[in-house]
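Heads up: the structure comes next, in structure tokens.
The values are calculated or read from the model by the stated rules, or taken from the named source; none is laboratory data. The shown structure was predicted, so the numbers you read here are calculated from the model rather than taken from an experiment. Because the Cβ atoms are built from the backbone with ideal geometry, glycine has one as well, and the counts that use them run over all protein chains shown. Calculation scope for accessible area: heavy atoms of the full protein, side chains included, ligands and nucleic acids excluded. Shrake-Rupley method; radii C 1.70, N 1.55, O 1.52, S 1.80 Å.
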Amino acid sequence: MKYLCMIYSEEGAWGKMPPAEQEKWLGEYFAFSDGIKKSGHYVGSNALQPTPTATTVRVRNGKVSTTDGPFVETKEQLGGYYLIEAKDLNDAIQVAARCPGARHGSVEVRPIIEYERP
Amino acid sequence: MAEQVRHMVDAVYRSDSRRVLATLIRLVGDFDLAEEALHDAFAAAVERWPSDGVPGSPRAWLVSTGRFKAIDAMRRRARFDASVGELARRFDAAANDATELEEGDGVEDDRLRLIFTCCHPALAPDAQIALTLREVCGLTTEEIAHAFLTPAPTLAQRIVRAKAKIRDARIPYVVPTHAALPERLDQVLRVIYLVFNEGYAASSGASLTRHDLSGEAIRLGRLLVELLPEPEAMGLLALMLLHESRRVARTSPTGELVLLADQDRSLWDRDQIAEGTALVERALSSRRIGPYTLQAAIAAVHAEAASAEATDWVQIVGLYDVLERVDPTPVVELNRAVAVAMRDGPAAGLAIIDALLARGDLDDYHLAHSARADLCRRVGRTADARRSYQRALDLTRQEPERRFLERRLHELGLNV
């Protein structure tokens, strides 16, 4: 079963970090990615540009409206994700607990629905 | 004859329905389907046992009947709804594994699986309690709602959501691995202790004790010790038994709160004390000593004292010192301060409580203010005592405790 592990953290914190510390975190993310590739959990992952780059799009009555910024403003923002394949929720929680994001922020684990096409 | 069989079915339901359910959940892979199968199996027993005779192993008969009923239900539904097809396949695979049906260790493991699944930390805390009482203890939704002063539809909704999460997020039906066990066991113990406390000192409402919940928590504690004799499981059971032993002495015939020091100790339940004390000793001898065991050890020291004055306060403070290291919380510091006041005099305890309150951790905790009030009263600082009783009174939500504090305030008023 697939789970999406979404990493939420305060995005301002990254910019304030000294370069050496940024490098340390990046190293940990690379090591984590390699680890879950080896264990067969890894399906995909991406880091996101911060929310000032976000654009929200809606279509209402056929009219496209575009607004600056994320859909909801929150204290912690979605900064990246891992899509993983796990046996069950316990397995997924173990993977999420190893993710560096769980230490500098939090990781929301959501099961993926797989629809069968008729 | 039919009447006798009916009684037999009722007795088996009371003694074994939870075990049968626990095994059916594993075989069927779904809580709702397993509950339906359990119901169908007992209905079949009522129908068939009078003519066929009561089977040699009623439990195995019920599991296998329930399993077939579930297969039927599954097949019927699969014809209408393609989405249960996957579940049906999984289920067929499990059902084919007939060896798992046999009685033995597996069946006891099923009950542990059920407990750990109901107390899974991914479920909301309220839902863990509701689900445990519903599935493990077999209480009805209405009974649980009544005990927790919650509307039944709210509680039913909680259970429905929890079951949906177990299914959709795939919370596994397993006993946690060795590495995860201590943390997961803590979670189970917390749920049991919450149920106990809800019964022992209802957080709101007129009655100080809701006996049924405490009894249910003790039953759960016993089951857990039987299935998984870990020291802290024993410690929690001991703690609950030792608290429960004082139930009758804790309230006066008119429903007023009676403090430990003023209780009629001849009313304490000696059997529960003996059982609790023996469990504490077993847990302590494991050398893996946790907070429940330490709290139970403290309760055991109280239980063996003939009076409040005769209590071994030196030993109690010593146990609190260890507890404070294992579980450094403000509430533990507060309780230790009260014990220090008994060992070294009220002024010593007061100094600790004042420092604690100055840190701001316990400012909203009514027992911190009533403890401070009591010590102020004993050193003759009446105005301070009155202020603290008033603060405690503003914070408490329990009727008997309100009346107790009002009585104390009234006594102080007359002394001025």
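Table for the structure above
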item: Net charge of Cβ neighbours under 13 Å - reference A:Y82; Lys, Arg +1; Asp, Glu -1; result: +1
item: Interchain or long-range residues, amide H under 5 Å from A:Y42's placed H; result: A:K37, A:E85
item: Solvent-accessible area buried by pairing B with A, both sides, nearest 100 square angstrom, 1.4 angstrom probe; result: 700 Å²
item: Simple spin-label estimate for A:E76 and B:T150 in nanometres, 7 Å along Cα-Cβ; result: 2.5 nm
item: Within 10 Å of each Cβ in B:175-187, the average number of Cβ atoms from other chains; result: 1
item: Average beta carbon contacts from partner chains per residue of A:91-97, 10 Å cutoff; result: 2
item: Listed residues A:P18, A:P50, A:P100, most fluctuating in chain A (Gaussian network, C-alpha, under 10 Å); result: A:P18
item: Most mobile of B:F116, B:F404, B:F31 in a GNM of chain B (Cα contacts under 10 Å); result: B:F404
item: Per-residue average of Cβ from other chains inside 10 Å of B:167-174; result: 5
item: Of B:L24, B:I71, B:P330, farthest towards positive along the dipole that unit charges on Lys, Arg, Asp, Glu beta carbons give chain B; result: B:P330
item: The range B:155-183 and the range B:387-416: distance between their alpha carbon centers, rounded to Å; result: 43 Å
item: Under 24 Å from A:K38, Cα to Cα: lysines that are on another chain or at least 8 residues apart; result: A:K2, A:K24, A:K87
item: Within the accessible area of chain B (1.4 Å probe), percent carbon and sulfur; result: 53 percent
item: Distance between modelled label sites at B:R282 and B:L259, nm, 7 Å Cα→Cβ extension; result: 3.5 nm
item: Cβ-Cβ FRET estimate between B:A274 and A:H104, R0 fixed at 45 Å, reported to 0.05; result: 0.30
item: By average C-beta atoms within 10 angstrom, highest first, the peptides A:57-63, B:388-394; result: B:388-394, A:57-63
item: Exposure ranking of B:R48, B:R387, B:R14 by accessible area [1.4 Å probe, largest first]; result: B:R14, B:R387, B:R48
item: Accessible-area value, B:H39, 1.4 Å probe, nucleic acids and ligands omitted, Å²; result: 130 Å²
item: Positive-end residue, the range A:2-111 charge dipole about Cα centroid, Cβ charges, pick of A:V43, A:V95, A:A13; result: A:V43
item: Choice from B:L114, B:L395, B:L237 showing the highest fluctuation, given a GNM over chain B with Cα pairs closer than 10 Å; result: B:L395
item: In degrees, nearest ten, helix B:313-326 long axis to first principal axis of chain B (Cα); result: 50 degrees
item: Nearest-0.05 FRET efficiency for B:D32 and B:S266, computed from C-beta distance (R0 45 Å); result: 0.35
item: Gained length - B:D344 relative to B:E304, 0.36 nm times residue gap less alpha-carbon distance; result: 12.3 nm
item: Solvent-accessible area per residue, Å², over chain A with all protein chains present [probe radius 1.4 Å]; result: 68 Å²
item: Cβ-placed point charges (K, R +1; D, E -1), dipole of chain A about Cα centre in debye, nearest 20; result: 280 debye
item: Dipole of the range B:283-416, positive direction: furthest Cα of B:L367, B:L357, B:A392, with charges on the beta-carbon; result: B:A392
item: 0 to 90° range, to nearest 10: angle between helix B:366-378 axis and chain B longest Cα axis; result: 30 degrees
item: FRET efficiency estimate (nearest 0.05) - Cβ-Cβ, A:I112 to A:K63, R0 41 angstrom; result: 0.80
item: Folded to 0 to 90 degrees: helix B:181-200 orientation relative to chain B principal axis, Cα; result: 70 degrees
item: Charge dipole (debye, nearest 20) of the protein assembly as shown; +1 at Cβ of Lys and Arg, -1 at Cβ of Asp and Glu; result: 1000 debye
item: Net dipole in debye of the range B:229-311 [+1 Lys, Arg Cβ; -1 Asp, Glu Cβ; about Cα centre; nearest 20]; result: 200 debye
